[in-house]
Amino acid sequence: MKATIKAWKLFRLKKNGAITPLFINKKTELPFDVWMEAENHPTKGFAHRPGWHCTATPEAPHLSEKGRVWLQVEIQGVVEFERPKSQGGKWYLSDHMKIPSQIIPQ
């Protein structure tokens, strides 16, 4: 079994309370309490970095938080990399992610 770590991810929050990815596949509603494998969707205008993109802390100053929510997630198959402090510092790319059930601030 792969090691599991906790991280933070910023999601779009829909009016119906569902959450979706920010940019790639942004219309896909994501389930809670299910391990999801990262998918690869090369998209024009975005660097090719397959995996779930998460942060060590709920900070990414370069991203707007309007209509979005930070949630703590569990990730496996992790590669760590450093981003500039203006982009939140330590980031993770992971092969798998689970969003534990939680109350979502609205």
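The values are calculated or read from the model by the stated rules, or taken from the named source; none is laboratory data. Treat the numbers as computed from the prediction; the structure is a model and nothing was measured. Cβ atoms come from the backbone with ideal geometry, glycine included; neighbour counts cover every protein chain shown.
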Name the residue that is farthest from LYS14 (Cα to Cα), counting only residues in the stretch 51-87 that are touching a His at 6+ places or on another chain (Cβ under 8 Å) and not in a strand (DSSP E or B).
SER86
Mind checking which residues of the stretch 1-32 are within 16 Å of ASP95 (Cα to Cα) and either touching a residue at least 24 places away in the same chain (Cβ under 8 Å) or not in a loop (DSSP other than H, G, I, E, B) (or both)?
LYS2, ALA3, THR4, ILE5, LYS6, ALA7, TRP8, LYS9, LEU30
Among what's in the stretch 31-66 and is aromatic (Phe, Trp, Tyr) and closer than 16 Å to ALA3 by Cα, pick the residue that is surrounded by the fewest Cβ atoms within 10 Å (Cβ to Cβ).
TRP35
If the requirement is being under 15 Å from the mean Cα position of the chain (by Cα) and over 21 Å from THR4 (Cα atoms), which of these qualifies: VAL69, VAL73?
VAL69
I'd like to check something: does the stretch 90-99 contain any residue that is acidic (Asp, Glu), at pLDDT below 90 and either more than 14 Å from LYS9 (Cβ to Cβ) or surrounded by 12 or more Cβ atoms within 10 Å (Cβ to Cβ) (or both)?
no
Under the condition of being within 16 Å of GLN76 (Cβ to Cβ) and out of contact with any Pro (no Cβ under 6 Å at 6 or more places or on another chain), which residue from the stretch 1-29 is surrounded by the fewest Cβ atoms within 10 Å (Cβ to Cβ)?
MET1
Taking the stretch 91-105 as the region of interest, how many residues are over 13 Å from LYS6 (Cβ atoms) and in contact with a strand residue (DSSP E or B) (Cβ under 7 Å, 6 or more places away or on another chain)?
6
Would you confirm whether any residue within the stretch 73-84 is loosely packed, with under 10 Cβ neighbours inside 10 Å and among the small types (Gly, Ala, Ser)?
no
